[in-house]
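I'd like to ask you about the structure that follows.
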Amino acid sequence: MKLTKAISFQLLITLLLLFVFKIGLTQSIDTKTPIIIDTDAGVDDLRAISLFMAIENADILAITTTGGNLSSQQGLKKINNLLHYLKTDNIETAAGKKTATPPPPWRKFSENIYWGEKTNNKFNPINAKNLIIKKLKNYPEPVTIICLGTLTNLRDILQSSNEIKNKIKKVIWYNKSIFPFSGFNYEFDKNAADSVFTTDININVISNLDKALAVFNQTFLDSIINIDTKYAQIISKAYKNVEALNTVKSGHAKLWDDLIPVYFLYPELFDIQPIKKKPNFSINKNYNVKAVREKILKILAKDYEFETNVVFDKFPINPENYKYDVRQFMDTIIKKYGTEEWRACVLTDELHQHLGIYSTVGAKMGLKAREIFKVPIDQLQVISFAGNRPPIGCMNDGLQIGAGATLGHGVISIANDTIARPEAIFIYNGIKKRLTLKKEYTQQVRSDISKGIVEYGNLTSGYWKLIRKLSIKYWLEWDRNKIFDVENVK
C-alpha cells in the first residue's frame, strides 16, 4: 500500500480499525513494567506479593518493608523467607526505619503466618529509603511503586530531594477510602500519608469498597489449594495456620491488597476516577468482583496473557480462526517466535489486505527494534527507507504494526531517498539505530519472485498465490534475530 498524502478511503478505514484494536500487541518480555513493592507484611500482602511474583511482566526491582501489620524488621524476615521459597533470592530487600506507633492488636497473628521456611536472612546494610532511591536513580525510566502498607517509606524518599519524584511514574496504594481518609494503612502513620498528599505525585488508590462478594472464603481458598504452582501453594500453606483458617471460615478475610496485582494487570476491571479537588489522586469507585476473583486464580495458575488489547480479551489463537495454509504452520511459528510476533504479522496482513513478503519483514523489523530498545508500542520514532511503492514500500505497513509507530501518531515518516530499500532508522531518547534486511534475504526474494514471474506472469492469480506461499515460507523460516543488520547512527 502507498503511504502518500492521498491515502485511499480503504486505507483510512483499515487504519481506523487498527486504532480500535490498538494494534493488539503485548508488551514483550523485554519491556517489563518496573515496580518496587513496599509492604507491612500482612497475610493479604503475602497473597499480593505472590501474585506479583507470578506476573512475568512485573519487573520487581526491590521489596522493602514498613511498620504496620509487622515491624519493618519482622517483615523483612518474612519477605526473605518468601523469596527463598519462590527461588527469587536475587531480588534486593531492605527494612524501613522503626516506628513509634504501638503495634496493632493482631501483630501476634501476623507473626505466626507462614511465609516459607526460616532462612539465614540476607543482611543489607542499606535501609529501605536508600534502597528505593538507589533503584529509582539507576533505572532508566520512571518506576511504579506498589504500597501495600503505610506511606512511611514513600514520605522519606520524597523528602530526600525534589528531583526524586520525577523518577516515580505513579504510586498504587491500598487504602479503605480517601477524602475523608480511613483505613489501617492511612491511620498507622497519618503524618507520613498527609505529607505525601501535599505533593503532586500521581497516586492510584485501590479499595475493596466493602463489597459483600470481596471475601476470601473457603470456596476461594479451596480453588487456590487445587492450583499446582508455587505461588498458589505458599498461600495454601499460610492458611494451614489455624488462626488464619478461622479468619476464612468466619468471613473476616477479605480481598484487600491482592486487588492491586489484578489492577496492575487488568485495569479495565476497575472504575478509577480522579478526585476533583486533588486531580493527581484517583480511586476506584467500582470494580468487577467476580472477574477479579477469576483473574486471581488465573494469575496464580500462570494461565493468563499480558495484553494491551482494547477490544479483544485475548488475541484469537484458535487455529480454526485462520486460513488452512496459515493454520498448518501456526503452532510452529508461535513456538519459534512467540505470540507477539504472531499478532504483529497477523494484524499486518489484515491491514495490508494480503499476505505480503515485505510487509512481514516490516512487522519483524519493527518488533526487533522494540526489543533492542526495550520499549513497548508507541515509543519509537521511525524513518523508513522503503519508499512509497510496492513491493518494498509494503514494508511500511509492517513497521507500523511491529513498532507501533502509526501514521495516526505521526511518528513514522518516509525518507526522501530515490532508492527504495528494506531499511529503517529507529529513534528513542535521542539514540538512533539502523536496521537493514541482510543482502542475502533481499536477493532470495528477488530470485524467488523472478522465477514466479517467468512461470506465472506478473500480477496474475498464479503470481499472487506464489506471493502468499512465499510470505508464509519467509514468516516461518526467517528469524527476526538473524535477518537484520543493526548499526548505530550518529
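Each value in this text was obtained by applying a stated rule to the coordinates, not by laboratory testing. Given the structure is predicted, the values throughout are model-derived calculations rather than measurements. No Cβ is skipped: glycine too gets one built from the backbone with ideal geometry, and neighbour counts run over all protein chains shown.
I need to check one value: relative contact order of segment 32-300, counting alpha carbon pairs closer than 8 Å and at least 6 residues apart, in percent.
Relative contact order comes out at 20 percent.
Still on this structure, please answer the following. Mind putting a number on the dipole of segment 128-182 about its Cα centre? Charges go on the C-beta only, +1 for Lys and Arg and -1 for Asp and Glu, and I need it in Debye to the nearest 20.
On the way: 10 positive and 3 negative charges, 13 e Å.
Taking the Cα centre of segment 128-182 as origin, the dipole is about 60 debye.
Follow-up question, since we're still on this one. Translational diffusion coefficient, Stokes-Einstein: compute it for the chain using the Kirkwood radius over C-alpha pairs as Rh, at 20 °C and 1.002 mPa s, and state it as an integer in µm² s⁻¹.
In µm²/s, the coefficient is 86.
Among 247, 260, 422, which residue has its Cα furthest toward the positive end of the charge dipole of the chain, with +1 on Lys/Arg Cβ and -1 on Asp/Glu Cβ?
422
Compute the helix-to-body angle for 324-337: its Cα long axis versus the longest principal axis of the chain, expressed 0 to 90° and rounded to tens.
50
Within segment 362-455, how many Lys pairs sit with Cα atoms under 23 Å apart, leaving out pairs fewer than 8 places apart on the same chain?
Eligible lysine pairs with Cα atoms under 23 Å apart amount to 14.
How tilted is helix 128-138 with respect to the longest principal axis of the chain? Cα atoms for both, answer in degrees (0 to 90, nearest 10).
So the helix axis and the longest Cα principal axis differ by about 10 degrees.
Right, here's the next one. Rounded to whole Hz and in sequence order, give me ³J(HN,Hα) for segment 407-422 from the Karplus expression 6.51 cos²θ - 1.76 cosθ + 1.60, θ = phi - 60°, writing x for Gly and Pro.
Taking θ as phi minus 60°, the curve returns 4, x, 8, x, 10, 10, 9, 10, 5, 7, 10, 6, 10, 6, 7, x Hz for segment 407-422.
While we're looking at this one, here's another question. Quick one: 406, 229, 418, fewest Cβ neighbours within 10 Å first, how do they rank?
Going from least to most buried by this count: 418, 229, 406.
Determine, for segment 90-156, the count of lysine pairs separated by eight or more sequence positions (or lying on different chains) whose alpha-carbon distance falls under 19 Å.
11
May I ask for the angle, rounded to the nearest 10°, between helix 289-300 and the longest principal axis of the chain, with both axes built from Cα atoms and the value confined to 0 to 90°?
Approximately 80 degrees, to the nearest 10.
Can you spot the aspartates and glutamates whose alpha carbon is less than 19 Å from residue 87's alpha carbon? Ignore those fewer than 8 places along the same chain.
In chain and number order, the partners are 45, 56, 59, 117, 228.
Which order results if 59, 200 are arranged by neighbouring Cβ count within 10 Å, fewest first?
So the ranking, lowest neighbour count to highest, is 200, 59.
Turning to a different aspect of this structure: Run through segment 73-150 and list the GluC sites (Glu not before Pro) located in a DSSP loop whose Cβ has at most 12 other Cβ atoms within 10 Å.
Sites meeting the loop and neighbour criteria: 117.
For a quick check: sort 342, 106, 475 by the number of other beta carbons within 10 angstrom, fewest at the front.
106, 342, 475
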